[in-house]
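J.: Sharing a structure below in structure tokens format, with a few things to ask.
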Amino acid sequence: MKVGIIGASGFTGVELIRILKNHPKVDLELLTSESFVGKKISELYPSVGLDLDMELEEFDSHDALRRCDILFLALPHGYSSELVAMAYADKKIIIDLGADFRLKKIEEYSSWYETDHKAPHLLDKAVYGLPEIHREEIKGAKIIANPGCYPTSAILALAPLLEKSLIDIKGLVIDSKSGVSGAGRRATPVTHFNSANENINPYGVIKHRHTPEIEQELSLLAGEEVSITFTPHLIPINRGMLSTCYASLLEDLEEEELRKIYEDFYKDEAFVKILPKGIWPHTKWVLGSNNCLLNFEVDKRNKRIVIASVIDNLTKGASGQAVQNMNIVLGIEETTGLASPAIYP
């Protein structure tokens, strides 16, 4: 299968290249960039290997569709819709790492992203690409909306409890922290080294664009509308994400019972692991891997549960999950190209 990466010079693009370079079932055919046309990817990112001498090309939609069977779109919101419509008509497989097809309600997309959607007729054709929740739908999909990093970490943390109706859907609090790479390749006054180093700050409080995405998926699991309070923070690490979720328990369950519920829910999942009691997940433990590590503690005094999850925001939070989705669509072993453990230290 011939693969094209549209927007290959960003952090998610180069992470895709790192994973797909040695993937046994696909060949890298096309890498595009807006800013670095004509430059070799190995010059821009020697980390991918100096033997990878592919040039970054100017994007041409007709050329991309002619040359590629699968397209990964690593583009900002608002840029994917038209290409997805063309690719869908041409019966190509599209995995969109942007936000254009994650939300099912067009009015929510317009409100939160402050722009009109250019292909609303395809929203019901897109599948939300969180394999642990939507695997069967992903298998036959042509348009996969790869989840955001914050939603991935939060949904995986809360899914077993909502599926069993064990927590109050009101008053859910999600406190998340992300490495600076989550903000993209271009530095801003906030993500510049001098600002981000030795600093931590909340941002997008109450109005972060991943909020409706998290609520949409949690509502599907709960079978009714879920509303959350979500606060993301920027922390001075390159990559990694920690989400701590707080929920009120509806039943007086022992920790052992809850642990079995989590273990049963994820028992067949290659990338989601429940840590032993008392061992809290560290971002370092998932660095460069497609893994999600979880643990929780029951606060009996307040009848609450606290769940913590960690992922690498560029891997399970973006490019690794995109490849996981591709593997499912192609009907090959889901862990293909993704089985490497985390890098430590």
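J.: Does at least one position in segment 1-18 carry a residue that is of a type in the set (Lys, Arg), touching a Ser or Thr at 6+ places or on another chain (Cβ under 7 Å) and touching a residue at least 60 places away in the same chain (Cβ under 8 Å)?
T.: No - not one qualifying residue is present in segment 1-18.
J.: Also: Could you please find all residues in segment 78-107 being of a type in the set (Phe, Trp, Tyr) and at pLDDT below 95?
T.: Within segment 78-107, just Tyr79 meets the criteria.
J.: Can you tell me which residue is surrounded by the fewest Cβ atoms within 10 Å (Cβ to Cβ) among those in segment 318-345 that are of a type in the set (Gly, Ala, Ser) and at pLDDT 95 or above?
T.: Only one residue fits best here, namely Gly331.
J.: Name the single residue, out of those in segment 269-295 being in a strand (DSSP E or B) and touching a residue at least 60 places away in the same chain (Cβ under 8 Å), that is farthest from Asn327 (Cα to Cα).
T.: Applying the filter and picking the extreme gives Leu294.
J.: Sticking with this structure for a sec: Output the number of the condition that Ser165 fails; it satisfies all remaining conditions of (1) under 22 Å from the mean Cα position of the chain (by Cα); (2) on the phi > 0 side of the Ramachandran plot; (3) not assigned by TED's automatic domain parsing to the domain that holds Ser9.
T.: (1)
J.: Regarding Thr315, is this residue of a type in the set (Val, Ile, Thr) and surrounded by fewer than 23 Cβ atoms within 10 Å (Cβ to Cβ)?
T.: no
J.: Could you pull out every one of the helices (runs of 4 or more DSSP H) wholly within segment 92-211 that has 3 or more residues that are surrounded by fewer than 22 Cβ atoms within 10 Å (Cβ to Cβ) and among the acidic types (Asp, Glu)?
T.: It comes to 131-139.
J.: Considering segment 68-90 alone, what residues qualify as being outside any loop (DSSP other than H, G, I, E, B) and surrounded by 14 or more Cβ atoms within 10 Å (Cβ to Cβ)?
T.: Selection gives Ile70, Leu71, Phe72, Leu73, Ser81, Leu83, Val84, Ala85, Met86, Ala87, Tyr88.
J.: Would it be correct to say that Pro236 is at pLDDT below 95 and part of a loop (DSSP other than H, G, I, E, B)?
T.: no
J.: Something else now. Which of (1) touching a residue at least 60 places away in the same chain (Cβ under 8 Å); (2) assigned to a helix (DSSP H, G or I) is the odd one out, the single condition Tyr246 does not satisfy?
T.: It is condition (2) that Tyr246 fails.
The values are calculated or read from the model by the stated rules, or taken from the named source; none is laboratory data. What you see is a predicted model, and the numbers here were worked out from it, not measured in a lab. Because the Cβ atoms are built from the backbone with ideal geometry, glycine has one as well, and the counts that use them run over all protein chains shown.
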